Amino acid sequence: MINPSPLLLSNWTLFMKQKLLICGGTGFIGRNLLEKLPTKKYKIYATYNKKKPFKSSKITWIKCDLRKKK
């Protein structure tokens, strides 16, 4: 098996976006994180429960409740 050169792999990763999940994207900490993160570097997913999320074409919103149900 032929191993690709490390230089080739490092150049390939420049074109790939890293995925990032922010839990509680409409809360105080989550909202501030989302405003500061560079969207060119990351594919951003954020969860929300009750509050409606702010509109952004660069964030994929997921409605869910992460708490344990009783």
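Readers should treat all values here as calculations from the given coordinates under stated rules, not as data from a laboratory. If you're wondering where the values come from, they're calculated on a predicted model, not measured in any experiment. Cβ sites come from the backbone with ideal geometry, for glycine too, and all protein chains shown count toward neighbours.
Mind listing just one residue for me: the one in the stretch 52-70 that is under 13 Å from C23 (Cα atoms) and more than 13 Å from the chain's Cα centre (by Cα) and, of those, surrounded by the most Cβ atoms within 10 Å (Cβ to Cβ)? Going through the qualifying residues, I end up with P53. All of (1) in contact with a helix residue (DSSP H, G or I) (Cβ under 6 Å, 6 or more places away or on another chain); (2) hydrophobic (A, V, I, L, M, F, W, C); (3) without any contact (Cβ under 8 Å) to a residue 12 or more places away in the chain hold for I22 with one exception: (3).
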